[in-house]
Amino acid sequence: MTIERIEMALLKLPYVHFFETSFGREYDRTFIIVRVYEEGVCGFGEVVAEEAPLYSGETTEGAWHVLRTFLIPMVFKEKIIGPEEFYKKAGRFRGNPMAKAGLELAFWDLKAKKAGLPLKALYGGVRDEIDAGVSCGIEDSLSDLVARVGAYLEQGYRRVKIKIKPGWDIDACVVVRQEYPDILLQVDANGAYSLADIKTLKKLDAFNLLLVEQPFPPYDLWDHAKLQKEMKTPLCLDESILSFDTARAAVEMGSCRIINIKVGRVGGAVEMRRIHDYCQDHGVPVWCGGMLESGIGRAHNLHIATLPNFKLPNDLSASRRYYKEDLIDPFIELSGPGTIRVPRGPGIGVHPVEERIRRATLKSETFK
Ligand code: OSB
Ligand code: MG
């Protein structure tokens, strides 16, 4: 058994609605799809790095370079055939977790397909259905925000996250809570604040939020610990959690009480499970974050969110929340109020449509 071929494609897909965070407004997403072939079976992975290094230091072009120059040649040279082996050997290269995760996930999908099992069976997942959630960007006006939250609730979402930044925070919570006093609500600052804003941040305690996500920049574990001591609402870290070791440091320091796990940000599913298990042992619930993935990356996330310590609703929404024409058949849909059923077929269990991938492709390359 050897890997016969690896393909990479760089894709661009327009969003159904722009997505604005404290980093700025985006109208489309550029990302990489990785395919790994063995004996005619194909494993799919998605690299969640973005065009600009705003959320993390990685970029699509940087990940492309690291994959074609280092990670893919390593697979052929060292005859790597499995995800765990890939994880171990890719560890010699520093950083670049999203590039590593995209290829590792393709290996996981391949392994599960060859075993004829849904990916969640390989991970030790325990759920057939996961709790969905929707992430609402910053809008042009507070009334637009309320209308958008209302539309998502009508579609069946039960948990809403709103993006905040200085000047779009307390008022946004006030209007959403006024209109929807009982919904599960949380906020995400994407690192837009500092300890100087502690007075504003403490006001968030008044809105019965599930959590406050990433108030400070990624490397401020210490300041997050100081803020958590001052706040009733649990802090949740996203950008700060780059590996098992940063997760452990954050928990030991008291920087957060909840962790957002994104498989790309932590460098793959092996590392994801190490963080998951550590958090489970230490009473820290986790949930699955999203990077506005296509259906390929999102299907991977559905399987991840079946692990037992994913105890809060996830940033996992239906295909139509993100893209008019998702890459997969069938589209991911809500299966009940606020839930999504995990695909049952082998591997990620969804079918990527070749023609749609081709239409969205900016460039591609094949490696043997
Ligand atoms: O901070 O969670 C974030 C999207 C891109 C980059 C960062 C984040 C997000 C989201 C979207 O909030 C979540 C989703 O995919 O539904
Ligand atoms: Mg976040």
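The values are calculated or read from the model by the stated rules, or taken from the named source; none is laboratory data. What you see is a predicted model; the values in this text were computed from it and never measured. A quick note on method: Cβ atoms are made from the backbone with ideal geometry, for glycine too, and the neighbour counts reach across all protein chains shown. Each accessible area value is taken on the protein alone, full model and side chains, heavy atoms only, with ligands, DNA and RNA left out. Shrake-Rupley method; radii C 1.70, N 1.55, O 1.52, S 1.80 Å.
Does anyone have the angle between helix 142-155 and the longest principal axis of the chain? Alpha-carbon axes, 0 to 90°, nearest 10? Tilt of helix 142-155: around 60 degrees. If you find the alpha carbon centre of the range 1-70 and of the range 301-368, how far apart are they in angstrom? That distance is 14 Å. Average accessible surface for the range 1-116: 40 Å² per residue, computed with a 1.4 Å probe over protein heavy atoms with every protein chain in place. Based on C-alpha pairs under 8 angstrom that are at least 6 apart in sequence, the chain has a relative contact order of 22 percent. In the elastic network of the chain, a GNM with C-alpha springs shorter than 10 Å, the most mobile of GLY289, GLY95, GLY347 is GLY95.
Here is the list for the range 94-149: trypsin sites (Lys or Arg not before Pro) lying in DSSP coil, each with at most 14 other C-beta atoms within 10 angstrom of its C-beta, are ARG94. Between VAL16 and LYS89, the modelled labels are 4.1 nm apart [label points 7 Å from Cα along Cα→Cβ]. For the chain, with all protein chains in place and a probe radius of 1.4 Å, 52% of the accessible heavy-atom surface sits on carbon or sulfur.
Using only Cα coordinates, the Kirkwood hydrodynamic radius of the chain works out to 20.6 Å. Given Cα positions, please report Rg to Rh for the range 235-368, the hydrodynamic radius being the Kirkwood one. Dividing the radius of gyration by the Kirkwood radius yields 1.01. Residues ARG257, ARG29 ordered from highest to lowest accessible area at a 1.4 Å probe: ARG257, ARG29.
Compared with the dominant Cα axis of the chain, that is its longest principal axis, helix 269-281 is turned about 40°.
Of all DSSP beta bridges confined to the chain, the antiparallel ones make up roughly 65%. Here the range 171-280 yields Rg over Rh of 0.99, to two decimals, using C-alpha coordinates and the Kirkwood radius. Largest accessible area first, the listed residues VAL263, VAL16 line up as VAL16, VAL263 when surface is computed with a 1.4 Å probe on the assembled protein chains. Ligands, DNA and RNA excluded, the heavy atoms of ILE304 present near 0 Å² of accessible surface to a 1.4 Å solvent probe.
Computed from backbone phi with θ = phi - 60° and the Karplus coefficients 6.51, -1.76 and 1.60, the 3J(HN,Hα) list for the range 238-249 is 10, 3, 6, 8, 9, 5, 4, 5, 6, 5, 4, 4 Hz; x is used for glycine and proline. Selection among SER335, TRP287, ALA101 by position relative to the dipole of the chain gives ALA101 as farthest towards the positive end (Cβ unit charges, Cα centre). Measure nothing but the geometry: give the 0 to 90° angle between the long axis through the Cα atoms of 221-230 and the longest principal axis through the Cα atoms of the chain, rounded to 10°. Approximately 30 degrees, to the nearest ten.
Roughly how many whole Å is it from the C-alpha centroid of the range 181-206 to that of the range 259-282? Value for the Cα centre distance between the two parts: 24 Å. Helical runs assigned H by DSSP (4 residues or longer) give the chain a calculated mean residue ellipticity at 222 nm of -10000 deg cm²/dmol, each run adding -39500 (n - 2.57) before division by the residue total. The coefficient of translational diffusion for the range 1-113, derived via Stokes-Einstein from the alpha carbon Kirkwood radius under 4 °C and 1.567 mPa s, stands at 89 µm²/s. Taking a ≥ b ≥ c as the square roots of the eigenvalues of the Cα gyration tensor of the range 16-60, is the shape rounded (a/c under 1.5), prolate (a/b larger than b/c) or oblate? Verdict is prolate for the range 16-60. Compared with the alpha-carbon gap, the fully stretched path from THR361 to TYR180 is longer by 61.1 nm at 0.36 nm per residue. Of the GluC sites (Glu not before Pro) found in the range 339-368, no site is in coil according to DSSP while having at most 12 other Cβ atoms within 10 Å of its Cβ. Counting only DSSP beta bridges with both residues in the range 135-210, the antiparallel share comes to about 10 percent. Ordering THR59, THR306, THR69 by accessible surface, largest first, gives THR69, THR59, THR306; the 1.4 Å probe counts only protein heavy atoms, with every chain in place. Compute, for the chain, the length of the dipole vector about the Cα centre, with Cβ point charges of +1 (Lys, Arg) and -1 (Asp, Glu) only. Units Debye, rounded to 20. The calculation lands at about 700 debye.
For the pair LYS368 and THR200, a Förster radius of 56 Å applied to the C-beta separation gives a FRET efficiency near 0.50, rounded to the nearest 0.05. Taking only the C-alpha atoms of the range 272-329, the Rg (one decimal) and the largest Cα-Cα distance, Dmax (whole number), read 12.8, 41 Å.
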